[in-house]
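Please read the structure below before turning to the comments.
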Amino acid sequence: MTSCLITGGAGAIGSNLAAALIGRGHDVAIIDDLSSGHRNLVPPHARLIEGSIESDAKLTEVFGAKPQCVFHLAALFANQNSVEHPERDLLVNGRGTVKVLQHAVSSGVQKLLFTSSSCVYGHKEVMHEDDIDFDLDTPYAVTKLLGEQYCKYWSRSHGLDTVIVRLFNTYGPHEYPGPYRNVVPNFIKLAMRGEPLPITGTGEETRDFNFVDDIVEGLIGAMEASTPPGEIYNLASGAGMRIIDLANQINEITGSRAGVAFKSRRGWDRVLNRRGDSSKAFAAFGFRSKTLVPGGLARTYAWIKSVDA
């Protein structure tokens with residue numbers, strides 16, 4: 001049996017990951033300051049330590065249990081939040097990541113997975129891991145790329161086995177609607193209220209949407225595979241979906257007749273199309289984004305309805 005630590009494990013991806021790991025017989029501990037995570041999402045058999053990755057005392061506590069593997073998901077999420085709070089973004093995503101890496105080495109962690117973001121690519125037709133021409137739009141993109149480089153450094157200089165995954169737009173159960181959250185839960189909540197869905201741009205912009213269960217399988221696959229230290233993998237569907245099509249599908253699923261409302265594009269949001277190539281992840285550990293968007297949206301809508309007060 002393997003002992004796993006998930007930083008930021010009380011969020012949507014982390015809680016689904018924790019449940020999957022527990023289902024496979026692993027011991028799971030979670031550290032989360034609950035600033036965007038939720039205590040009720042933590043699976044019953046996971047140990048929750050409420051605290052920040054900026055706290056050496058809390059990290060000493062969780063790493064004192066000698067986890068064998070670490071899934072480092074904790075971050076100040078996401079782009080708009082980082083634009084409004086760039087110093088906070090740097091402290092959590094930069095300094096916090098350094099602290100996690102330091103404690104991982106001192107406690108003898110066997111492997112650490114770092115969740116990066118497709119935001120690091122900037123403007124590309126199709127996004128490949130070997131692309132090193134970065135054009136970063138937000139502090140969040142900057143600090144995610146910074147975290148990648150720290151992982152590579154700790155692998156080279158401290159012998160820590162790390163693997164980096166770049167997540168594309170992930171959606172699914174366990175993500176509550178709210179400020180700074182992803183487009184899918186927020187669109188669903190607005191549609192449930194009978195309000196038009198706000199599209200910042202023309203609606204022709206595309207994003208690469210991936211259901212959370214598929215991403216969880218990719219995270220576990222990357223952790224279990226014998227990947228070269230510091231290697232980077234995209235977890236993406238490879239399909240670009242127009243935002244107007246996403247909005248129309250959500251209105252159809254929820255039965256909303258309110259339509260959409262077009263608004264000005266946000267100043268930092270210059271990426272018109274985002275689509276990832278995950279062939280490298282498929283070759284290394286069999287990752288494939290299998291869930292089609294209509295089915296994933298229906299499951300997400302069912303969960304949001306179940307928890308809606």
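Tabulated results
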quantity	calculated
Max mean-square fluctuation residue, GNM over the chain, Cα-Cα springs under 10 Å, options Asp32, Asp269, Asp208	Asp269
Lys, Arg +1 and Asp, Glu -1 on Cβ, resulting dipole of segment 50-194 about Cα centre, debye, nearest 20	420 debye
Option label - Rg and Dmax of the Cα atoms in Å computed here, alternatives (i) 22.6, 71; (ii) 21.0, 70; (iii) 18.5, 57	(iii)
Euclidean distance of C-alpha centroids, segment 269-285 and segment 165-180, integer Å	17 Å
Dipole-positive endmost among Gly295, Tyr180, Gly14 within the chain (Cβ charges, Cα centre)	Gly295
Candidates Ser55, Ser157, Ser106, ranked by Gaussian network fluctuation over the chain, Cα under 10 Å, top entry	Ser157
Too-long pairs where the Cα-Cα distance tops 30 Å, listed order kept, from Lys111/Lys280; Lys124/Lys152; Lys152/Lys189	Lys152/Lys189
Euclidean distance of C-alpha centroids, segment 48-103 and segment 216-250, integer Å	22 Å
Among Pro294, Pro198, Pro177: highest mean-square fluctuation, GNM of the chain, C-alpha pairs under 10 Å	Pro294
Gain on full stretching of the segment that runs from Ala302 to Glu50 - 0.36 nm per residue minus C-alpha separation	87.8 nm
Environment charge at Lys280 (Cβ cut-off 10 Å; Lys +1, Arg +1, Asp -1, Glu -1)	-4
Calculated FRET value between Gln110 and Asp269, using beta carbons and R₀ = 41 Å, to 0.05	0.60
Percent antiparallel among DSSP beta bridges (both partners in the chain, rounded to 5)	5 percent
Between helix 12-23 and the chain: long-axis angle, C-alpha atoms, 0 to 90°, nearest 10	50 degrees
Relative contact order for segment 210-297, counting Cα pairs under 8 Å that sit 6 or more residues apart, in percent	54 percent
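Each value in this text was obtained by applying a stated rule to the coordinates, not by laboratory testing. Here the structure is a predicted model, which means the values were calculated and not measured. FYI the Cβ positions are ideal-geometry reconstructions off the backbone, even for glycines, and counts take in every protein chain you see.
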